[in-house]
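First the structure, in the form of structure tokens, and then the observations on it.
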């Protein structure tokens, strides 16, 4: 019974790591027009959370060693809950951007600590990472797919629509409460030998994570507006973004299971990269977004869970897993936050998405080079 409860906690905590970002995509041009935001300013609604996800990932290590995994997760979910709920009061661009920043703080703390959570409670079941990634994808999918229906239901109020996701964060906080009781307050000190800062292999994984997240969040932020430029209305473009996220659900679950059983993670990562290249290429060729979205979704759905699995596979204990995840997510998400800004700048400059998609294609190629360098086995370490 406790095992099921822990899985439910993992699911709901992970579920809340993306709605504050993906719920904005289908409504981005409405929010942009309502608040008088430029393309670059609108891109900050995605960029700020992703940047904070990187910036505050190291703070997650400090918080973990002071308060422990469970209390740290609870604090992080409080931040996410406040950020999403307060969007109901977002009557100017600066307040809305502040909520994006606060959400990023909560997500940045949660990400590395969830790796430690899995290492602590599911040490012999690395496939549980699939629950972690799938629940994030489900949260992202529901957030973007319900944005337009909720917007219409609440009298064209994007503020109420965006604040709705504070409810799911509240549920996650309540589920965490039992774990806060009888938690050992003596948290082991991280030894210097576990610090990954001088490990070249960690830096390569960080670059891979940065390229992957840059492409993912760029597509999440701008696929819907790009589809609108190609002639789709808000509802149709929202469905395209939903297709991109929904298709990730089975892929995010199956890929970690297949890799755990059959190994050869490098080959699977490269295959996922090829799917992303194909999807971006179709958009450049002005093919229907309905055709490109499944390829992009399969690529993203496979890359993200394997990226989350890397620090868990490469480390020996929960503290080290948290430390590796913090460094990888610190650099990776900061690099990733530049993607949506680049897209916004390119659209503002050229009034066209083609140059931006060409840039994303270059990033995917760079990511595939890092995949080859990472390889299959942690024993093949780069000193």
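The values are calculated or read from the model by the stated rules, or taken from the named source; none is laboratory data. On a predicted model such as this, the values are computed, not experimentally measured, just so you know. Note: ideal-geometry Cβ built from the backbone for every residue, glycine included; neighbour counts use all protein chains shown.
General observations
- Among residues of the stretch 249-267, those that are crowded, with 22+ Cβ neighbours inside 10 Å and at pLDDT below 85, counted: 5
- Residue within the stretch 278-290 that is under 17 Å from residue 250 (Cα atoms) and touching a helix residue (DSSP H, G or I) at 6+ places or on another chain (Cβ under 6 Å) present: no
- Residue 158 meets each of the listed conditions (1) surrounded by fewer than 23 Cβ atoms within 10 Å (Cβ to Cβ); (2) at pLDDT 80 or above; (3) over 17 Å from the mean Cα position of the chain (by Cα) apart from (1).
- When restricted to residues that are at pLDDT 85 or above and part of a helix (DSSP H, G or I), the stretch 4-26 contains 15.
- Considering 321, 307, 292, 287, the condition of being at pLDDT 85 or above and assigned to a helix (DSSP H, G or I) is satisfied by 292 alone.
- Residue, modelled with the highest pLDDT, within the stretch 113-155, restricted to residues that are in a loop (DSSP other than H, G, I, E, B) and farther than 28 Å from residue 26 by Cα: 122
- Given (1) at pLDDT 90 or above; (2) surrounded by fewer than 22 Cβ atoms within 10 Å (Cβ to Cβ), number of the condition residue 233 does not satisfy: (1)
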